[in-house]
1. Hey, which lysines would be in cross-link range of B:K454, C-alpha to C-alpha under 23 Å, not counting anything within fewer than 8 residues on its own chain?
2. Using 0.36 nm times the number of residues separating B:Q238 and B:R417, minus their current alpha carbon distance, what extension gain do you get?
3. For the protein assembly as shown, what is the accessible area per residue in Å², given a 1.4 Å probe and the full set of protein chains?
4. For each pair in B:K402/B:K427; A:K195/A:K285; B:K269/B:K375; B:K340/B:K402; B:K210/B:K269; B:K255/B:K375, compute the distance between the two Cα atoms and list the pairs where it is over 19 Å.
5. Just grab the label-to-label distance for A:A213 and B:D317, each label 7 Å out from Cα along the Cβ direction, in nm (one decimal).
6. Taking all pairs of different Cα atoms in the range B:267-424, averaging 1/r and flipping that mean, what Kirkwood radius in angstroms comes out?
7. Using the basic label-point model (7 angstrom from Cα toward the beta carbon), what is the B:D139 to B:R475 distance in nanometres?
8. Averaging over every viewing direction, what projected area does the convex hull of the Cα atoms of the protein assembly as shown cover, in nm²?
Amino acid sequence: MSNAAWETLSNQAVGAAGIVYFLALLAHLAEWASLRQPKGTEKRVAVGSAGLAEVAPAPTTRETERAEFLGRLGFLLTVIAAVAHAVSLVGRGMAGDPNRVPWGNMYEFTLTGSCLVTVMYLVLYRRLRLSWMAPLVLGFVLTVLMAARLWLYEPVAPLTEALNSYWLMIHVTAAIIATGAFTLGGIASAVYLVKMRAQSRLPEGAELTGFLARVPTLDGLDRVAYRVHAFAFPVWTFAVLITGPIWAHQAWSRYWNWDPKEVWAFITWVVYAGYLHARATAGWKGRNAALLALLGVATLWWNFIGVNFFAGNNSQHSYADRPPAVVGPYDVRG
Amino acid sequence: MTQAPERRSGELTAREMLRWTWRQLTSMRTALVLLLLLALGAVPGSIIPQSGVDSLAVSRWKDAHPSLTPVYEKLDLFSVYDSVWFSAIYLLLVLSLVGCIVPRLFVYAKAMRALPPAAPRNLTRLPDSAGYRTDEDADAVLARAREVLAKRYRLRPAAEGDGFVAGERGRLREAGNLLFHLSVLIVLAGFGVGALYGFEGGVVIIQQSKQCPDCGTFSNTLSQYDDFDPGGLFTPDQLNPFSFTVQDFGVDWLKSGDRAGQARGFDAKIAYRQGTDGAEQHYDLKVNHPLSIGDTDVFLIGHGYAPVLTIRDGHGDVAWSGPTAFLPQDQSFLSFGVIKARTAKPGEIGLEGLFYPTFEVIDGNPVTVFPEDLKPALSMLVYTGDLGLDDGSAQSVYVLDKDNATQVMKADGRPFRLDIEPGQTVKLPDGLGSVTFDGVQPWVRVQISQSPGKDVALAGVVLALIGLCGSLFVRPRRVWVRARPVDDEDGVDTGGRTLVEVAVLDRSGNHEVDEVVRDIVEQLQGQGQDSSPEHSQEHA
Ligand code: HEM
């Protein structure tokens, strides 16, 4: 296949992934809708541990079956979309001459990052019982994919010299994986906060309905968020504090430059360290910890989007502008 | 307290005050607040240009904001990461860390020697527990529990009349956590050593050529650097002797496609000698492939063009001959430079202007259309008179001092512009002499640095990562199995004469252990017979 053909394939795969993601989203929305019942006809059964009984409406068997079918369908469609998504990445990489990793610019980074969000969700789906997250994850990935296609698209081009390094490859891979996981964790923490707020506003004796009734308990959400963050944090540490500096040392002679990209990666790291602390600190558990998790995601995405656009040439890492070829302007103090 | 009867309540002695402060400082909450402060404190340095990162940007910023500059300078906002207030945050954090970790080390050492704790009185009060009845002997159940649990838990030695088995696992979690926090200190130590003893210098080196056989050489002494940025405790004898020559430099330019004009590869062929008389060795210096000589690393970080000119003065004598490095202004490699012919007679000659790697005139404007030197041209203004070359003061080689100089004009009174291509010779007006453009040489900018402590810092982060994984992924657990004979209540057979209770405690509070409970119960029951579930408190 020619490079142009690979590039076309990649573009078509992105389109296909978008469409299938959308179908998957519809399937999951239908799943939720089919479980909704007119008020009053609900029977209630207690699930959960004694004392802290969580009460959920018990739908009829036929409805449950339909919902289960739709849920499985949604999952399957998500898998298909993820495969198309991955094909689009392979296409980008193969279209480069020489072949290369698919993250030479913001479009590719976004494409890869959002793919990782999906993959991570699929991998953890069973283990952490993430089915409740489906509409949120799909909505997020779909939005990001569309934004990337509309605003960030760039034709395939070779990597600049400084970006052409094994360490960089490992560094960016780890950073993207961590970004995907932190994003998932952020979604869980956001739902935690929304549910907490909704619960606190309920009148005495009333119960949550709809989506919030079906997500896990606050404790469960907190634990899911923690476990995803606990996976992401060491990966981020590896990306930002090990491979990043090794690469920086090779490329620019300094392993830590305090350039804006590094500063924000460090800020993200410290905020998440704060999150992990907060979960073990009296008075910070729960709500404040979840807020810190959201702050962490905000710094993460700000680093990727904001710093690229606003710091421009200020940052040696900038993908938004021409990459860091070795050129001036020089700091010549001679 | 009793020794100070006249003290009013609420008053603290200095010692109590100290202890209180220490306890506050080393509390988890303070650590958290300091961490968040550290994150917050790092923000300004990403927005305001930093002199350690880009001093050019700093001076530009200062020119643009004259009124804010003094305030910012007072707050050290141009060097945030060396500032007093930023240092204060992380030093407090380090202090808090030490105060937190050292006591925990002792606690941990003691806990290492302790036995898994005895079973609590009421196991079924624990959140994750289960019970069942069986007709087996309590002792038989306990013996099997020991067998089942011994595979995955460290057991408390059995004592007469215990009636329970206690096990524990995952104490490495705390070890990992301690290792992580200690490693943070190691990283900081490595980082600090680098900041104090390291140095970083840059030098522009014009490639060696037939026209300029003396070009391209560098030997590692202070005077050879264009700029040099040492740490606070650097001493010049850290500069290990070596020398090298840039023999050839090439750029692999992308010629077509969307990114035409982008460079794909840079390659400087250098010959180097270690010490003063080492054997000559060769190295291809490329981006991402530094050359290490002893503790010193040599990096290729920039390149540009050096036009080779010969200036003859009014008497026909050569007043200047050789290459001069011009500084690229942007990605197009349009470059700016000056040439000074000090010995020219009757007047000194100074040239200032632009170098176009691939010169074209588009719509009457001179431009460069490609960064490679395919069709080079120079366009320079000429000055004569006093160029300030003889007053002994240091001068930048990239700046022409025009204060006392006069610009050379054409006969019609307009400025004379020297437009010249390689191979041409142009006569200057007023019998000042002539300029010959002999050719173009590339130059490279090389960064030379020592980063002592970098291996320490690297080892520190690697250890930190290992500790972190232990801390986050090891699941510390305690497990208890109790078996005791029970009487049938009021003569009703409730399922068996022995009550077995199982409880598991996840000490990190982050993991569900209901499955663990279920698993243990199954294993205990698997070989027993005739048992019935009593009560279960598993989380769904
Ligand atoms: C340089 C500053 C610090 C950093 C970067 C840092 C980072 C971290 C991280 C990433 C964790 C998560 C690992 C885990 O959950 O086990 C953690 C846990 C912990 N840190 Fe720190 N820490 C710092 C300072 C401190 C200080 C000063 C204290 C003492 C007050 C402290 C006490 C703890 C404790 C007790 C845990 C365990 C929390 C738990 O059980 O989940 N840390 N720290």
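The values are calculated or read from the model by the stated rules, or taken from the named source; none is laboratory data. Quantities reported herein were computed from a predicted structural model and do not represent experimental measurements. Cβ placement follows ideal geometry from the backbone for every residue including glycine, while neighbour counts extend to all protein chains displayed. Side chains included, ligands, DNA and RNA excluded: accessible areas come from the protein's heavy atoms. Shrake-Rupley method; radii C 1.70, N 1.55, O 1.52, S 1.80 Å.
1. Reachable lysines: A:K261, B:K286.
2. 59.6 nm
3. Heavy-atom accessible area per residue stands at 47 Å².
4. B:K402/B:K427; B:K269/B:K375
5. Going from the A:A213 label point to the B:D317 one covers 10.2 nm.
6. Hydrodynamic radius (Kirkwood, Cα pairs) of the range B:267-424 is 18.2 Å.
7. Calculated label separation equals 3.5 nm.
8. On the way: hull surface 217.9 nm².
So the mean shadow area of the Cα hull is 54.5 nm².
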